[in-house]
Amino acid sequence: MARVVTSLQFLAVASALALGASASAESPRFVTFDAPGAGTVAGQGPLPQGTFPYAINEAGAIAGDFQDANNVLHGFVRAPDGVIVAFDAPGAGTSAFQGTQSFAISSEGTVVGIAIDAGYVQHGMLRTRDGSVTTFDLAGAGAGAGQGSLATNISSEGTIVGTYLDVSSAFHSFMRAPDGAITLIDVQEAGTSAFQGTVACALDCLNARGVIVGYFIDRNNVNHAFLRSPDGAIATFDAPGAGAGAGQGTFALGINRAGVIEGSYLDANNVYHGFVRTRDGTVTAVDVSGAGTNPFQGTLPSHINSEGAITGNYVDANASHGFLRASSGTITTFDVPGVGTAHGGGTTPVSSNVANAITGWYTDASGLYHGFLRTGRRCGEDRGEDRCEDRGEDRGED
């Protein structure tokens, strides 16, 4: 199956639009790209070949990974002018499904992710703006295949949030301060067996106030959202309509500076729905018109920006499509021009910035994966402004 985008799927992969624009705004452009060295064999395996952007920062720099012709993973950073630099973490393995993955990029250009070594053990990865790459491990992280440490989020100050799998393959989350000090995060109600535990979300799980969100898997393998305050207090919640069976439940996937949380829930029929939770605890469901209603179809938000706009994908009977939900609730849907329509493929947005520049991946007619940038324009719907300002523009392209 194709890569999908919640922080749970980030872990699984590592282990094995317009914002209600004013009428005067120009339509966003699509820029497609491939990392040099990306493989060209199409397929729907657990780690298919091609280019996979995961995050875009406010300057328009993009971080992600690509899988080469030998199925080895490599990290990359794409500058706002379109220049792509590939990199490998020290100690990363060089066999199939080993290597380096990038999951987040800070406003300063620091990248975090994982390095998968020759034994398929995961290690937290940190690449600074000057190109130096280091790895780190959490005390208590397991050293077996598929276990280890994952860095999935980084703040502008350099605080890293992530998850590790212990010797029992149970999940625990952590916050790593810029000086290397570690704070562990475990929800009391979380299970302690394999693939149970506490999972900090990817991309935007830490806001400017130090609040962290994610989800935990209980002893019955049901998912529930959590919210951790800067003082360490943890509150849990479930979206109305979330299923209570194994694998079902609520996933908090991001929080912005205003304390608005986005996420998804899997209902009793195994259909995905998005949700928005305001700071006062009000939860509103988000369903894109056209989303499928069969098991494992539906609406899957992946990122919330500082202005409250949410991007993600929705899955119908055939393929994935992109959407952007403005803070006003207006939803715009989109597909990359020329995207393939084969089952399991389509357009998969992953991350956006304040200007609603969006990045992610798409499949072509043959099923091969490529990166894309949907340029953003910041317009006045939510600010009462008449002008629009170009953001996330690819200045190296016509």
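Here are a few things to note about the model shown:
- Test for L253: is it modelled with pLDDT under 95, closer than 22 Å to I331 by Cβ and not aromatic (F, W, Y): no
- Residue count for segment 105-138, restricted to those that are part of a strand (DSSP E or B) and basic (K, R): 1
- Taken across segment 309-322, residues that are within 19 Å of T32 (Cβ to Cβ) and in a loop (DSSP other than H, G, I, E, B) do occur, with at least one present.
- Meets criteria (within 23 Å of H303 (Cα to Cα) and either modelled with pLDDT of 95 or more or part of a loop (DSSP other than H, G, I, E, B) (or both)) for G142: no
- From T299, T341, residue being farther than 23 Å from A208 by Cα, of a type in the set (S, T, Y) and at pLDDT 90 or above: T299
- Selection from segment 347-363 of residues that are of a type in the set (V, I, T), within 18 Å of G308 (Cβ to Cβ) and over 14 Å from the mean Cα position of the chain (by Cα): V354
- In segment 233-248, the residues that are at pLDDT 95 or above reach residues that are surrounded by fewer than 17 Cβ atoms within 10 Å (Cβ to Cβ) and assigned to a loop (DSSP other than H, G, I, E, B) with C-beta atoms within less than 6 angstrom, at least six apart or across chains, in these pairs: G243/A268; A246/N221.
- If only residues of segment 180-218 that are of a type in the set (V, I, T) and under 17 Å from S169 (Cα atoms) are counted, the one that is surrounded by the most Cβ atoms within 10 Å (Cβ to Cβ) is V199.
- Checking each residue in segment 182-214 for being of a type in the set (K, R) and not in a loop (DSSP other than H, G, I, E, B) picks out no residue at all.
- When each of E307, E393 is tested for being of a type outside the set (K, R), modelled with pLDDT under 95, within 19 Å of the chain's Cα centre (by Cα) and surrounded by 17 or more Cβ atoms within 10 Å (Cβ to Cβ), the lone residue that passes is E307.
- Answer residue from segment 186-222, given it is touching a Lys or Arg at 6+ places or on another chain (Cβ under 6 Å) and aliphatic (A, V, I, L, M) and is farthest from E262 (Cα to Cα) among those: A208
- Candidate set from segment 323-339 (those that are part of a loop (DSSP other than H, G, I, E, B) and of a type in the set (S, T, N, Q)); member that is surrounded by the most Cβ atoms within 10 Å (Cβ to Cβ): S327
- Residue list for segment 250-264, restricted to those being closer than 15 Å to V286 by Cα and either of a type in the set (S, T, Y) or buried (at least 24 other Cβ atoms within 10 Å of the Cβ) (or both): T250, F251, A252, L253, G254, I261, E262, G263, S264
- Lone unmet requirement of (1) more than 18 Å from the chain's Cα centre (by Cα); (2) buried (at least 20 other Cβ atoms within 10 Å of the Cβ); (3) under 21 Å from D186 (Cα atoms) for G140: (2)
- Comparison of S173, S156, S132, S149 shows that the only residue that is modelled with pLDDT of 95 or more and within 21 Å of I255 (Cβ to Cβ) is S173.
The values are calculated or read from the model by the stated rules, or taken from the named source; none is laboratory data. A quick note: this is a predicted structure, and the numbers were derived from the prediction, not measured. Cβ: placed from backbone, ideal geometry, glycine included. Neighbour counts: every protein chain shown.
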